[in-house]
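Here the structure is laid out as structure tokens; the discussion comes afterwards.
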Amino acid sequence: MNTNRTISLFAGIGLFLLSTLATTPVSAAEDDQYKHAEHLYDTYCAQCHGANRDGNGLNSVYISVQPRDHSDPKGMGDIPNDEIIEVIKKGGLAANKSVLMPAWGEIFSDDEVNQLAAYLRHICKCGSN
Ligand code: HEC
């Protein structure tokens, strides 16, 4: 390999690492805290609620009631924690919402549901109430 190329390759990697650091919005510790919930969300929720957490998942075009935009501080801020936890466990019907929001209580442990609820607060940046 020619030396100049090798140097520019390393410079490129350095720039890439720098840009990753610069654009990372949350600290590593915070990342760890939400890691499991984020994984659950990507696996079980994103197909409806969207990879960007904005309610525009792949399935959203096929269902009559639109999934909640989890990135919306206003919409999410108006939902109390109890309701978020109830809806995740028992589905939309538990809060007089659409049956199109499935129940996850048989799939997740209570701890996982709580982690998901905390993660949703993290995404909407809308605190707890
Ligand atoms: C099959 C599509 C679908 C999947 C998968 C799905 N949801 Fe939903 N979700 C919906 C729909 C539709 C609504 C809106 C219900 C309404 O407003 O009547 C909703 C609403 C919600 C709400 C707001 C409830 C409220 O009181 O307004 C929360 C919180 C939520 N979903 C969390 C989740 C989580 C967490 C997951 C993954 C574990 C998930 N959803 C997976 C379709 C889905």
Filter the range 83-112 down to the residues that are more than 6 Å from the ligand (Cβ to nearest atom) and either closer than 15 Å to residue 70 by Cβ or in a loop (DSSP other than H, G, I, E, B) (or both) and list them by number.
85, 91, 96, 99, 103, 105, 106, 107, 108, 109
Matching option when the condition is surrounded by fewer than 10 Cβ atoms within 10 Å (Cβ to Cβ) and either at pLDDT 55 or above or not hydroxyl-bearing (Ser, Thr, Tyr) (or both), among 81, 4, 56, 52:
4
Determine whether residue 34 is hydroxyl-bearing (Ser, Thr, Tyr), at pLDDT 95 or above and within 12 Å of the ligand (Cβ to nearest atom).
no
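The values are calculated or read from the model by the stated rules, or taken from the named source; none is laboratory data. In this text the structure is predicted, and so the values were computed from the model without any measurement. Cβ: placed from backbone, ideal geometry, glycine included. Neighbour counts: every protein chain shown.
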